[in-house]
Amino acid sequence: MSEHTKGPWKYDKKNARITASNPESANGCDTICEFPAWKDEFKAEQQSNADFIVRACNSHDELVGACKCALAACKTAAIYDGAKKAGWINDNGNWPLHNMLAAALAKAGGK
């Protein structure tokens, strides 16, 4: 699989497209995707969706890094013991926070 286009990504409302900076490009950016003409009744929702895509993509690497760090911390004895004392780990040893972090990383492709 090839690499995705590096960010930051921006939503260009005027031209209904998502772009990424590229100083080597003729217009200074690369088009990630373009949106078809939007009907007025859906325009606000579709613009919100485009904004959401840009925010998600621009924060992805930092969120994956934070989850990896938190998951590693969960595996340390001191944190695990503290969580157990605080009642965050149930009787069968299941720690929902650990499981949520692992699932989020798997879903994000962060392993």
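Coordinate-derived values only; no laboratory data. These numbers come from a predicted model, not from an experiment. Backbone-built Cβ (ideal geometry, glycine too); neighbour counts: all protein chains shown.
Filtering segment 79-108 to residues that are under 30 Å from TYR11 (Cα atoms) and either more than 23 Å from the chain's Cα centre (by Cα) or in contact (Cβ under 8 Å) with a residue 12 or more places away in the chain (or both) leaves LEU101, ALA104, LEU105, ALA108. The set of residues from segment 50-98 being β-branched (Val, Ile, Thr) and either part of a loop (DSSP other than H, G, I, E, B) or in contact with a helix residue (DSSP H, G or I) (Cβ under 7 Å, 6 or more places away or on another chain) (or both) comprises VAL64, THR76, ILE79, ILE89. Among the residues of segment 69-78, are any without any contact (Cβ under 8 Å) to a residue 24 or more places away in the chain, among the polar types (S, T, N, Q) and surrounded by 12 or more Cβ atoms within 10 Å (Cβ to Cβ)? No: segment 69-78 contains no residue that is without any contact (Cβ under 8 Å) to a residue 24 or more places away in the chain, among the polar types (S, T, N, Q) and surrounded by 12 or more Cβ atoms within 10 Å (Cβ to Cβ).
What is the residue count in segment 89-111 for residues that are surrounded by 14 or more Cβ atoms within 10 Å (Cβ to Cβ) and more than 30 Å from HIS4 (Cβ to Cβ)? Of the residues in that region, 2 qualify.
Each residue in segment 7-49 was checked for being assigned to a loop (DSSP other than H, G, I, E, B) and either in contact with a Leu (Cβ under 6 Å, 6 or more places away or on another chain) or within 23 Å of ALA108 (Cα to Cα) (or both), and 2 of them qualify.
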